[in-house]
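**Q** Okay, here's the structure, questions in a sec.
The values are calculated or read from the model by the stated rules, or taken from the named source; none is laboratory data. The structure presented is a predicted model; accordingly, all values stated were derived computationally and were not measured. Note that we place each Cβ from the backbone using ideal geometry, even for glycine, and neighbour counts take in every protein chain shown. Keep in mind that these areas ignore ligands, DNA and RNA; they rest on the heavy atoms of the full protein, side chains included. Shrake-Rupley method; radii C 1.70, N 1.55, O 1.52, S 1.80 Å.
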Amino acid sequence: MSEQHLERDSFQLCEKVGNCYHLIGKKWIALIIHALLDKPKRFSEIHACIPDLSKRVLNERIKELEDYGIIHRNVIPTRPIRTEYSLTVKGTELGEALATVEAWAEKWL
């Protein structure tokens with residue numbers, strides 16, 4: 001493998017890792033993922049888990065996580081119509097990775 005090819009692969013890896021840290025470094029993102037780890041929740045249930053988070057910002061973050069394919073929005077056509085949010089496979093794997101950080105925080109902070 002050429003040195004130039006290795007540098008390009010390394011750059012792409014760094015870019016992906018950088019994008020990941022940028023996403024999970026945004027305020028509230030990790031807590032929203034954590035709130036959805038155990039089961040799907042409605043908007044109000046997520047908000048109840050993170051009371052300091054404004055509804056406006058929660059809405060923005062949920063849309064962002066949907067765009068990344070981390071959260072799935074499920075509209076349940078009952079009366080009244082309900083909307084639940086759950087983690088996708090990608091989101092669950094990210095949540096599991098973040099659980100390691102949570103364990104570290106419990107131990108060291």
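**Q** Would you mind classifying segment 47-94 by shape? Square roots of the alpha carbon gyration tensor eigenvalues, ordered a ≥ b ≥ c; an a/c under 1.5 is rounded, otherwise it is prolate if a/b is larger than b/c and oblate if not.
**A** Oblate, since a/c reaches 1.5 and b/c is not below a/b.
**Q** Please list the non-local residues whose amide H lies under 5 Å from the amide H of Thr88, H modeled 1.01 Å from N, same-chain partners needing a gap of 5 or more.
**A** Under 5 Å from the amide H of Thr88 lie the amide H atoms of Ile71, His72, each far enough along the sequence or on another chain.
**Q** Separate question: If you bin the C-alpha pair distances of segment 16-73 every 10 Å from 0, what whole percents do you get?
**A** 22, 60, 17, 1
**Q** Do the sum for the chain: with -39,500 (n - 2.57) for every DSSP H run of n ≥ 4, divided by all residues, what is the mean residue ellipticity at 222 nm, to the nearest 500 deg cm²/dmol?
**A** So the calculated ellipticity at 222 nm is -20500 deg cm²/dmol.
**Q** To check my understanding: the extent here is largest minus smallest coordinate of the Cα atoms along each principal axis. What are those three numbers for the chain, in Å, largest first?
**A** Its Cα atoms span 62, 36, 23 Å along the three principal axes.
**Q** Nothing charged except the Cβ atoms of Lys and Arg (+1) and of Asp and Glu (-1): what's the magnitude of the dipole of the chain about its Cα centre? Round to the nearest 20 debye.
**A** 700 debye
**Q** Follow-up. Could you check how much of the accessible area of segment 2-109 is carbon and sulfur, as a whole percent, using a 1.4 Å probe?
**A** So the carbon and sulfur contribution to the accessible surface is 56 percent.
**Q** Here is a further query. Order these peptides, 14-20, 88-94, by their mean beta-carbon neighbour count within 10 angstrom, highest first.
**A** Averaged packing, sorted descending, gives the order 88-94, 14-20.
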